[in-house]
1. Considering (1) modelled with pLDDT under 85; (2) of a type in the set (S, T, N, Q); (3) not in a loop (DSSP other than H, G, I, E, B), say which one residue 241 fails and leave the rest.
2. When you scan segment 4-14, do you find a residue that is closer than 20 Å to residue 199 by Cα, among the hydroxyl-bearing types (Ser, Thr, Tyr) and either at pLDDT below 90 or not assigned by TED's automatic domain parsing to the domain that holds residue 226 (or both), even just one?
3. Across segment 214-238, what is the number of residues that are within 24 Å of residue 204 (Cα to Cα), over 17 Å from the mean Cα position of the chain (by Cα) and aliphatic (A, V, I, L, M)?
4. Which fully enclosed strands (runs of 3 or more DSSP E) of segment 194-238 have 1 or more residues being of a type in the set (Ser, Thr, Tyr)?
5. So is residue 123 in the same structural domain as residue 228 (by TED's automatic domain parsing) and at pLDDT 85 or above or not?
6. How about segment 110-135: which of its residues are in contact with a Ser or Thr (Cβ under 6 Å, 6 or more places away or on another chain) and surrounded by fewer than 13 Cβ atoms within 10 Å (Cβ to Cβ)?
7. Could you identify the single residue in 37, 57, 20 that is modelled with pLDDT under 85 and in a helix (DSSP H, G or I)?
8. Does residue 67 satisfy being surrounded by fewer than 19 Cβ atoms within 10 Å (Cβ to Cβ), modelled with pLDDT under 85, more than 22 Å from the chain's Cα centre (by Cα) and not aromatic (Phe, Trp, Tyr)?
Amino acid sequence: MVIRLVPSRRHAIADDLRHQISSGHFQAGERLPSEAQLATRYTVSTATLRSALALLQGEGLVEKIHGSGNFVHRPLRKITYTGGVGAPATWPSFSAPLRMTARTTDIEAPSYLTALLNLPPRTPLTEVLFTTHEGKAPHSLAHIYVPHDLAPADAPTTPPLPEQMAVRLADLRPPLAEVQERISARLPTQEEATTLRISPSLAVLSVTRVSTDTSGRMVEAALFVLPGDRADALFTTRFVTHERSSKG
């Protein structure tokens with residue numbers, strides 16, 4: 001007895017649209033027909049059509065821009081988060097050149113940060129939100145937190161660049177002692193999905209980095225959000241070998 005599995009309508013629609021994209025019928029950056037038009041074309045409900053599009057959005061093939069429609073996703077450059085490199089103050093390097101914007105805000109540490117960083121409630125912090133872009137498309141997010149007294153005096157009006165923050169941490173007294181990095185895969189929050197213009201079903205690479213000095217004080221916390229379709233992480237461990245000298 002041979003059992004043939006018939007694909008569901010949403011998978012069949014996704015397969016057809018996927019083929020049209022890969023064959024060039026729909027070009028990168030091109031707007032797809034409206035959801036109502038596609039639903040009529042495939043003789044399905046709008047809910048079923050949206051479910052099919054969600055599959056393609058999760059694969060990074062289609063991007064939904066609220067108020068504008070669904071577009072064939074332009075291939076985004078892959079970036080590599082390089083952790084554990086160089087001195088503790090080294091800023092993570094990204095393999096692809098991207099345009100970066102920054103916004104600085106003075107805040108009181110919210111509860112999730114006080115628990116993560118072992119800080120007293122309402123500790124004054126300076127938050128720098130970095131958003132990277134490739135062309136006009138948002139690419140990744142980074143929230144950087146430093147104690148208010150360690151932030152540059154002009155930070156609220158002139159957000160520091162990552163390299164400037166790294167240099168400032170390298171000059172700390174007492175000096176840096178430890179950097180911990182934790183990486184996990186998770187679904188984006190609604191805010192992250194909206195900002196990055198990704199499907200809520202697309203996993204992101206979440207990197208949490210905490211730097212402390214020799215007194216045990218947290219001097220920097222970094223929370224990176226990297227969409228899974230355009231990022232991976234690389235950690236390199238180098239071993240030092242000692243040659244044994246023999247005496248005759």
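The values are calculated or read from the model by the stated rules, or taken from the named source; none is laboratory data. As the structure is a prediction and not an experimental result, all values here were calculated from the model. Please note: Cβ atoms are built from the backbone with ideal geometry, for glycine as well, and neighbour counts cover all protein chains shown.
1. The number of the failed condition is (3).
2. Checking segment 4-14: not a single residue is closer than 20 Å to residue 199 by Cα, among the hydroxyl-bearing types (Ser, Thr, Tyr) and either at pLDDT below 90 or not assigned by TED's automatic domain parsing to the domain that holds residue 226 (or both).
3. 0
4. Working: elements: 204-213, 218-227, 231-235.
Answer list for segment 194-238: 204-213.
5. yes
6. Once the filter is applied, which keeps residues that are in contact with a Ser or Thr (Cβ under 6 Å, 6 or more places away or on another chain) and surrounded by fewer than 13 Cβ atoms within 10 Å (Cβ to Cβ), segment 110-135 yields only 121.
7. Selected residue: 57, the only one of 37, 57, 20 that is modelled with pLDDT under 85 and in a helix (DSSP H, G or I).
8. Yes, satisfied.
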